[in-house]
Amino acid sequence: MNDVTNSKLKKLKQYAFDKDSTLKFIEFLMQKTEVIAPQNKGQASYSYEIVKDAKDVVLDYPRTIQPLKKFFLPPVEDLLAFDLNANTYQEEKIEAKDKIFFGIHNYELEGIKRLDYSFKKGNPESNYLTRREKSMFIGISYEPDSYHFSESVGIPADKIDGFCLFFDKISNKSDYMVFVVDENGQKLIDSFGKVNEVKSKAEITAKKFQNKVKLHYNRIPQVFDHVYKSKVWDKVAERCVGCGTCNLLCATCYCFDVRDEIEINAKDGKRTRFWDGCMLNTFAEVAGGENFREKLNQRTRHRLYRKFKYITDHSGELHCIGCGRCSKYCPADISIVEIINSLIDDYTTQQKKN
Ligand code: SF4
Ligand code: SF4
C-alpha cells in the first residue's frame, strides 16, 4: 500500500464540505450500508457505534474509550458448538458484511493494520479476516491532547493511506477539506454528487503533539535491546494494580482465552473466545498453578516489549499507535510515554558508561 503523506497529497482530488454537506453525506452513506462512527457516551466520553441518526455522529472528539478492534475481534465470541455423544461439532459461520467506518483518526486505522499483520501471520485467523473483508474507512483529523503521541511512533497527522476519504478540518470552522485517497472514495463522492472539487491544492494541517518520546521511533527497538534488566520495571510495578485496563483498551492488543462449557445435560457444549490481557495475574498461569510472569514488573515489561520489540522485530513496525488510551484510563496514572522516556534515560546512561 502506498504511503500517502503531504508530499503526495497535492496530487489527490479535494472537495470542500461544510457542516450541512457533511451531515447529508453521512445520511447518504447510511442509505448504502451500515455506518459506524464516534458518538457521545455519557458526559465526556466517546464510543464507536452503529449510526442510527446522522446527527448523533461526533466529528470533534479526542478518542473513543474502546478502539475499533471490537468490531473485528468481539470481546466475547462463540467459536463452535459441539455434541459429545455424537462426537461432532459445528463452527459458527461469520459472513463478510459491507461496513463504512466514518470519522476515524489516522492512528486508529494504523491499529487495524497492526492487527491485520498479527492475524494474517502464521495460521490466519479467519473470523477476524472475514469481518475485515468489506470494511471501508473514512478518516478525520484531530487535535492531539496531552495523551496522544502518535507522531512519536511514526504516525504524523498527514498519514492517510488506507482510508478511502479523509476529512481535514479547516481552522476553527465546521468545514472540511476532503481528500480522495483511493478509487472507492472517488466512487462515493461521485455518487453523492453534492460537492464541488476544489482546484487549489491544500495540505493536511500539521498538528502539535505535547506528548513526545524523546528519541526517534526508529531507535526505540534498539533501546529495548538494553533495558530488560532496568530498574524502571520495578518502579512502574510499585504503582500498577494489575487491572489489565491498558490491555483491554489497547488498539493493538489481541490476546484471548478460549473456554469450553458443557450444558447441564452433559452432552451439548460450546467453545467461546474471550479477550484476555498479559497484565492480568492469571494470564501466564499454567497447569499445576505455576505462573511464569507472576510479578507486576515482569508483566509490565512483557507488555512494553510486545509493543516495541518482539513483534516489531518481525513486522518492522512499532505495535503501539500512540493513541494514549492506556495512560488516560490507567487507574494508577501510569504513562506509557513516561515509561519509554525513563527507559531511554537508562539506556543513555548505560551508553555513556561504556
Ligand atoms: S491500566 Fe495501569 S494499573 Fe492497570 S494494569 Fe495497566 S498499567 Fe497497571
Ligand atoms: S500501548 Fe497504549 S498508547 Fe500504545 S496503542 Fe496500546 S493503548 Fe494506545
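Quick note: the coordinates plus some simple rules give every number you see, no bench work behind them. Small disclaimer: the values here were computed from a predicted structure and weren't measured. Please note: Cβ atoms are built from the backbone with ideal geometry, for glycine as well, and neighbour counts cover all protein chains shown.
Here the chain is treated as a sphere whose radius is the Kirkwood value from Cα pairs; by Stokes-Einstein at 37 °C and 0.692 mPa s it diffuses with a coefficient of 148 µm²/s.
Remark on the chain: 164, 240, 243, 255, 278, 320, 323, 330 stand apart, with no other cysteine beta carbon under 4.7 Å. Specify whether the C-alpha gyration tensor of segment 205-267 places it in the rounded, prolate or oblate class, a ≥ b ≥ c being the square roots of the eigenvalues: rounded for a/c under 1.5, otherwise prolate if a/b is larger than b/c and oblate if not. Taking the square roots of the gyration eigenvalues as a ≥ b ≥ c, segment 205-267 is prolate. The convex hull around the C-alpha trace of segment 154-215, projected and averaged over every direction, spans 5.7 square nanometres. Gyration tensor analysis over the Cα atoms of segment 35-92 returns equivalent ellipsoid semi-axes of 37, 11, 8 Å (largest first, whole Å). The modelled label-to-label distance between residue 264 and residue 187, using points 7 Å beyond Cα along the C-beta direction, is 5.2 nm. Computed over Cα pairs, the Kirkwood radius of segment 117-196 leads via Stokes-Einstein (1.306 mPa s, 10 °C) to a diffusion coefficient of 105 µm² per second. In terms of its alpha-carbon gyration tensor, segment 238-336 comes out prolate; a/c meets the 1.5 threshold, and the first ratio a/b outweighs b/c. Put simply, the amide H of residue 104, placed in the peptide plane, has neighbours under 5 Å in 138, 139, 140, leaving out anything fewer than 5 places away on its chain. Rounded if a/c is under 1.5, else prolate if a/b is larger than b/c, else oblate: which is segment 137-283, with a ≥ b ≥ c the root eigenvalues of its Cα gyration tensor? Since a/c reaches 1.5 but b/c is at least a/b, the shape of segment 137-283 is classed as oblate.
Computed extension length for residue 79-residue 229: 50.0 nm, one decimal, from 0.36 nm per residue of separation with the Cα-Cα distance subtracted. In the chain, Cα pairs under 8 Å separated by at least six residues give a relative contact order of 22 percent.
Projecting label points 7 angstrom from Cα along Cα→Cβ for residue 197 and residue 352 puts them 5.7 nm apart. Backbone amide hydrogens, once placed in the peptide plane, bring residue 293 within less than 5 Å of 284, excluding anything fewer than 5 places away on its chain.
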